[in-house]
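Written out below as structure tokens is the structure these notes cover.
Where a number appears in this text, it was derived from the coordinates with a stated rule and is not lab data. Note that the structure is a prediction, hence the values are computed from the model and not measured. Every residue, glycine as well, gets a Cβ built from its backbone with ideal geometry; the counts of neighbours run over all protein chains shown.
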Amino acid sequence: MATILRNVNAAKNIRDLLKKSIEHCTRSERGLKRWQVDTLRVMYWRAQSYDAIPHPERHRREWQNWNYKSELFAFSQRLSEKFSEEMLRVCFTDKSYVEKEDEQRKELGMPEIELRTENNSELAAIGTNKLTPFIKSYLRYFLKNVPEECISAVHNYLMSDTVLADIASKIGCTQLILCNAINPSDEVKAQVLRALIGALMKEKGEKHTEKFIIDFILTYINDQDIMEVWNLPQAEIALSNVLKNNGITEYEPRLLRESGRNTIYACFMVGMYVDKKLIGFGSGETVSIAREMAAYDALRRMFKLTPASTLFKFGKDAYNIDFGSSSQEYSLLNEWKLLDLDRKHQLKSIS
Amino acid sequence: MRGRVVKPSFAVPQNYYNLYSFGTHRIQLSGFTEQPFYNGLGRYVCQLQRVTFKFCKFGGSSKGVREFIETDVVDFSRQHPGVVVYLKPRRHKTPIMVTEYLNGNSHWMNLRNMTKSEIKLWLDYMRTRSGEPIKRYRKKIKTEWPSIQGPWNPFLNMPSFVNVTDLPNEQRGAFISEKKSATQQLLEMAKDGSLKNILKTNVSQEDKE
């Protein structure tokens, strides 16, 4: 007991106290005593619950079982790619890491010795230059009836930092990144993934990189609603524009059904008619919402973005498709027209 | 007397708690699949990223682990080069295995007195997991399209002629049973001519003619 009290007096804070008392208990000759266990357990949970001092965050590399070389090797094997180790080291080195190292050197008083490490910004630029046109031509190949705004919206979604960072963390980049923070931000992770694609471009060539992009980045749009990603504002204005471009000046929104008017359960159903043919319908709690939804539905049918008709190909099925044939930009929404061949088919009424 | 030293529960690092078992009903985890569901559409990425074995070089409880390391660990890392294997000999300690996954979770497991084949099976089990905590699925599917038909409304699948009919309507209100009744079936069979050897007792005059 005397030793415990001595320890209590010497302890700086509660965590230190706990550590010292646990040490005392576990190392005492008589072993751990039952009453000490209970007390310590209560003390531990109290420390966890309200007077807790947060554990300092530590990077995974500070643990003993960490070998950066073999981690890098495993990384490339995991993706069934053959990156060279030097290239991978460059890919995972962020700009902030190099700056931090340089500052540390200055503080230590040896600014002459420059850190000769490259960062991944050059490779990332190469990667972006490959990603942008390839993603767009891939989307154009499978979405043949949409305006250019849709293509660029989906492209921006796929190239956003959140999506790229998610992909990067799911293939195991997070702990390998060298940057100034312990947990790399989304920007840093996305930069690393772009750099990896740049590295593939440099080492393996264009065709191989395309396979990588199909497998890891474009699979992200599987099961996504393209119209929702696009988030087209003011559907009815867009619909009237599109119809005008096709030489149809008049369309008629008609109230198909209604129920529970002037109640909180009101439901209206509006259909869009062209030449007495129903081209889309939607429902909502007010007439204006239902009208907007009907226009949205009509556009979805025109752009062929219904779940049954957005069918992408991934993996081996998509490797041998020539996406270069679809590199030409589509017309914008203001000038967009239905394809001549199947105009009749696309504007057919819905039974 | 030197008693059995029970390691207190808090001695286990916090990140080893992340994978829960099903547990009893009160503490049961439930939810949806959160694994990268696009995994395998293009290329499959094994979600196990590293394994650490801690074992004793002399202890009896680590015998199985030692045998496993002698015979199988090299084969394992040849077959699965995407998994980093670390071996940590620790004197007079119970053998354990820590598996770390790509989603940041890790799982601590005791290998005390396990045989070589048992360890192989457990390692294979850990390798094929996604790193998600074991939980009861509220639904067995997960989709980014919440509803393919759109939000439900009371007019879904209602034929359009109902717009202009007065209700109650005989055609709409008639009871349609799921299965055909015996009488209906017999009548149909009689119509087809597949019904033979049956005595017609109440044959009306019209039929006779």
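Within the straight-line cut-off of under 16 Å between alpha carbons, the aspartates and glutamates reachable from B:Lys57 are B:Glu67, B:Glu70, sequence neighbours fewer than 8 places apart in one chain being disregarded. Could you tell me whether segment B:82-184 comes out rounded, prolate or oblate from its Cα gyration tensor? Rule is a ≥ b ≥ c as square roots of the eigenvalues, rounded for a/c under 1.5, then prolate if a/b exceeds b/c, otherwise oblate. Judged from the Cα gyration tensor, segment B:82-184 comes out prolate (a/c at least 1.5, a/b above b/c). Of the cross-linked pairs A:Lys170/B:Lys88; A:Lys316/B:Lys139; A:Lys244/A:Lys337; A:Lys106/A:Lys189; A:Lys304/B:Lys140; A:Lys69/A:Lys202, those separated by over 19 Å at the C-alpha level are A:Lys170/B:Lys88; A:Lys316/B:Lys139; A:Lys106/A:Lys189; A:Lys304/B:Lys140; A:Lys69/A:Lys202. Taking every residue in A:304-313 and counting other chain Cβ atoms within 10 Å of its Cβ, the average works out to 1.
Give the distance, in whole Å, between the Cα centre of segment A:173-227 and the Cα centre of segment A:240-294. When both Cα centres are located, 43 Å separates them.
Which of rounded, prolate or oblate describes segment A:66-221 when judged by the alpha-carbon gyration tensor and an a/c cut-off of 1.5? In terms of gyration-tensor shape, prolate. When the pairs B:Lys54/B:Lys135; A:Lys82/A:Lys211; B:Lys63/B:Lys93; B:Lys54/B:Lys120 are compared against a 21 Å limit on Cα-Cα distance, B:Lys54/B:Lys135 fall above it. Of the residues A:Thr219, A:Ala153, A:Ala195, the one whose Cα sits farthest toward the positive end of the charge dipole of segment A:66-221, with +1 on the Cβ of Lys and Arg and -1 on the Cβ of Asp and Glu, is A:Thr219.
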